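What follows is a single structure, and I will ask about it in a moment.
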Amino acid sequence: AVKIKPVLLAKGETKVALFGLGWIKDERLAKLFEVPGGVKWCFPEAEALRREGLMTEQEIEDIGSLDEYFKVFTIHQNRSHHSPKMCIKEGLFTPDLDLVIWGHEHE
């Protein structure tokens, strides 16, 4: 399984949740997306952050709801259709994303 966790950035009123995924063999990643739980999008929850001691109460309060964040996903995979299992389709991603930035593009 692959877990995709965001880096949370905030300055003033601007909040960005930056998700990223480096290259994984296209066939393998396509199979992971087909399997329930193969790809897990990790959205931070206040209770988990508190329980794990990863943030102070003030930091948790400052994060607010992830709904307040502009969610960006950067991915380094093929999206051109060489074959059904040799590319990753955008429809496989969580619909909660606001912007997807693709790398690894070929002409």
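The values are calculated or read from the model by the stated rules, or taken from the named source; none is laboratory data. These numbers were taken from a predicted model, which means no experiment stands behind them. Heads up, the Cβs are rebuilt from the backbone with ideal geometry, glycines too, and the neighbour counts pull from every protein chain shown.
How about the stretch 60-91: which of its residues are hydrophobic (A, V, I, L, M, F, W, C) and modelled with pLDDT of 80 or more?
Start the filter on the stretch 60-91 by keeping residues that are hydrophobic (A, V, I, L, M, F, W, C), which leaves 60, 63, 66, 70, 72-73, 75, 86-88.
Answer for the stretch 60-91, where residues must be hydrophobic (A, V, I, L, M, F, W, C) and modelled with pLDDT of 80 or more: 70, 72, 73, 75.
Right, something else. Check whether at least one residue in the stretch 31-47 is at pLDDT 85 or above, in a helix (DSSP H, G or I) and touching a Gly at 6+ places or on another chain (Cβ under 9 Å), and report yes or no.
yes
Something else about it: Considering each residue of the stretch 1-41, count those that are surrounded by fewer than 14 Cβ atoms within 10 Å (Cβ to Cβ), of a type in the set (Lys, Arg) and either touching a Lys or Arg at 6+ places or on another chain (Cβ under 8 Å) or over 19 Å from residue 103 (Cβ atoms) (or both), and give that number.
Residues meeting the conditions: 4.
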